[in-house]
Amino acid sequence: MPRNPQPERPVVSRWFAPGRINLIGEHTDYNDGFVLPLALAMGCTTTLSSAADGWTVTSAQTSDEVRVDPSGLADRPEVPDWATYVLGALWLLTDDGVDVPPLRLEVDSDVPTGAGLSSSAALVCSVVCALDDHLGLDLGPAGLLSLSRRVENDAVGAATGGMDQLVSLRGEAGNALFCDMRDLTSEPVPFDPEASGLTLVVVDTRAPHRHADGEYAARRDGCEEAARRLGVTALRDVTASDLDDALSRLDDEELRRYVRHVVTEDARVLSAVEIMRAGRLDGLGPLLTASHASMRDDFRITVPEVDTAAEALLAAGAVGSRMTGGGFGGCVIGLVPSDAVDAAGDAVRRAFAGAGFGEPTVFTAAPEAGARPVS
Ligand code: GAF
């Protein structure tokens, strides 16, 4: 009998965490603003077990097996990009003074990468939840979110805004998640388009991300610069009624466009929540379409493939459509009358063929639960 018996830990911890769609509220998270994402059925499962020595990471999607020697965790050895999302959590825990025992981590995801559906948050959150469970860290909701965000921001080095991890951890079936990214509180908002005769259609344009990382960072830097010039903590602090005054105080046209997008997008999220709470889902359509126009014309983060998909969905009868996610490629969503879903998919495929784009993938989605253990 050891002198300080440790509580029994599971031999194997297996956790699933989902990818996400953002209904509305794009590039508002790092401006301390509002977002309204939902968790998807697709996601990543991490199976974590004790090992004899060192740390081994495998992925069902690559045939890679990455091994870190028993002495190597603190040195952050060079590993393939995908493995950084896994080992990053171990590096940060080590930095935090946790004595991470030898482990084997197997990850298996069905979230397409580069589609703007947050394959990275699904991966990171499933790893962090499995570690929390296996090591008995007891991080709690705030700690899980904080570690998952630090993996992406500090270990991987992507200055993203936290929405993806928040919804991957806290999503609820049947609900979108209204999140205030300043205080990181979240509230489920019922989202059942079928009850209004509508279906949430997703078009994965499969457009290659063009300079996505650099452009994302440039938008974030621009927003922070605009907030500094306006003397506010973040653009969240500029309300819709302050917008004209704020714009008149900026002489840089690019920054003015960024401010206009963020301030109007925050207002659209608040309107969307009101509309959903009132059960008038078709009223969401114009907000989605206005959000797309704002991303295209002011924030300038769309590409021809996503504009084509958004327009084709509208022409096929969608009540609204918009790009979802960070931009420069990825997915477009549309709220489509349920009896027109097949026709809408055909219309998008025809529009893509006509424009000489590659074939998109079209599917439907509904809100699912966030991270959970898998037996
Ligand atoms: C990406 C980022 F990871 C999120 O934090 C968010 O900024 C989003 O782009 C844009 O809304 O998914």
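If a residue must be among the aliphatic types (A, V, I, L, M) and either modelled with pLDDT under 95 or surrounded by fewer than 24 Cβ atoms within 10 Å (Cβ to Cβ) (or both), how many such residues does the range 117-143 contain?
Residues in the range 117-143 being among the aliphatic types (A, V, I, L, M) and either modelled with pLDDT under 95 or surrounded by fewer than 24 Cβ atoms within 10 Å (Cβ to Cβ) (or both): 4 in total.
The one condition from (1) at pLDDT below 95; (2) more than 16 Å from the ligand (Cβ to nearest atom) that THR113 does not meet is (2). Taking the criterion of being in contact with a helix residue (DSSP H, G or I) (Cβ under 8 Å, 6 or more places away or on another chain), within 16 Å of the ligand (Cβ to nearest atom) and at positive phi, the only residue of the range 183-219 that qualifies is LEU184.
When VAL111, VAL100, VAL124 are checked against the criterion of being within 16 Å of the chain's Cα centre (by Cα), closer than 17 Å to LEU139 by Cβ and either of a type in the set (S, T, N, Q) or not assigned by TED's automatic domain parsing to the domain that holds CYS331 (or both), a single residue qualifies: VAL124. Look at ASN153 and say whether it is within 11 Å of the ligand (Cβ to nearest atom), more than 11 Å from the chain's Cα centre (by Cα) and assigned by TED's automatic domain parsing to the domain that holds TYR85. Considered against the rule, which asks whether it is within 11 Å of the ligand (Cβ to nearest atom), more than 11 Å from the chain's Cα centre (by Cα) and assigned by TED's automatic domain parsing to the domain that holds TYR85, ASN153 comes out as yes.
The residues of the range 146-182 that are in a loop (DSSP other than H, G, I, E, B) and in contact with a helix residue (DSSP H, G or I) (Cβ under 9 Å, 6 or more places away or on another chain), listed by number, are GLY157, ALA158, ALA159, THR160, GLY161, GLY162, MET181, ARG182. Exactly one residue among LEU139, LEU145, LEU166 is over 19 Å from GLY326 (Cα atoms), of a type in the set (A, V, I, L, M) and within 15 Å of the ligand (Cβ to nearest atom), and that residue is LEU145.
Checking the conditions here, which among THR94, THR84, THR45 is hydroxyl-bearing (Ser, Thr, Tyr) and part of a strand (DSSP E or B)? Just a single option satisfies the conditions, and that option is THR45. Checked against (1) modelled with pLDDT under 95; (2) surrounded by 20 or more Cβ atoms within 10 Å (Cβ to Cβ); (3) not polar (S, T, N, Q), ALA318 passes all but a single condition, namely (1). Give all pairs with beta carbons closer than 6 Å in which a residue from the range 30-58 that is on the phi > 0 side of the Ramachandran plot and without any contact (Cβ under 8 Å) to a residue 60 or more places away in the chain meets a residue that is among the β-branched types (Val, Ile, Thr) and buried (at least 21 other Cβ atoms within 10 Å of the Cβ); count only pairs at least 6 apart in sequence or on separate chains. Close Cβ pairs (under 6 Å, with a partner that is among the β-branched types (Val, Ile, Thr) and buried (at least 21 other Cβ atoms within 10 Å of the Cβ)) amount to GLY54/VAL68.
Only one of the numbered conditions (1) touching a Lys or Arg at 6+ places or on another chain (Cβ under 9 Å); (2) under 30 Å from ILE24 (Cα atoms) is violated by TRP91, and that is (2).
The residues of the range 286-305 that are more than 15 Å from ALA267 (Cα to Cα) and of a type outside the set (D, E, K, R), listed by number, are PHE299, ILE301, THR302, VAL303, PRO304. May I ask you to verify whether SER248 is farther than 20 Å from VAL35 by Cβ, modelled with pLDDT of 95 or more and not assigned by TED's automatic domain parsing to the domain that holds THR28? Here the answer is yes, as SER248 does meet what is asked.
Checked across the range 29-45, the condition of being of a type outside the set (S, T, N, Q), modelled with pLDDT under 95 and more than 16 Å from the ligand (Cβ to nearest atom) holds for no residue.
Listed by position, the strands (runs of 3 or more DSSP E) enclosed by the range 312-375 include none that has at least 3 residues that are in contact with a Cys (Cβ under 6 Å, 6 or more places away or on another chain) and away from the ligand (no atom under 16 Å from the Cβ).
Name the residue that is surrounded by the fewest Cβ atoms within 10 Å (Cβ to Cβ), counting only residues in the range 28-54 that are of a type outside the set (Ser, Thr, Tyr) and out of contact with any helix residue (DSSP H, G or I) (no Cβ under 6 Å at 6 or more places or on another chain). Among those residues, the one meeting the criterion is ALA52.
The values are calculated or read from the model by the stated rules, or taken from the named source; none is laboratory data. As the structure is a computational prediction, the values presented were derived from the model and not from experiment. Note: ideal-geometry Cβ built from the backbone for every residue, glycine included; neighbour counts use all protein chains shown.
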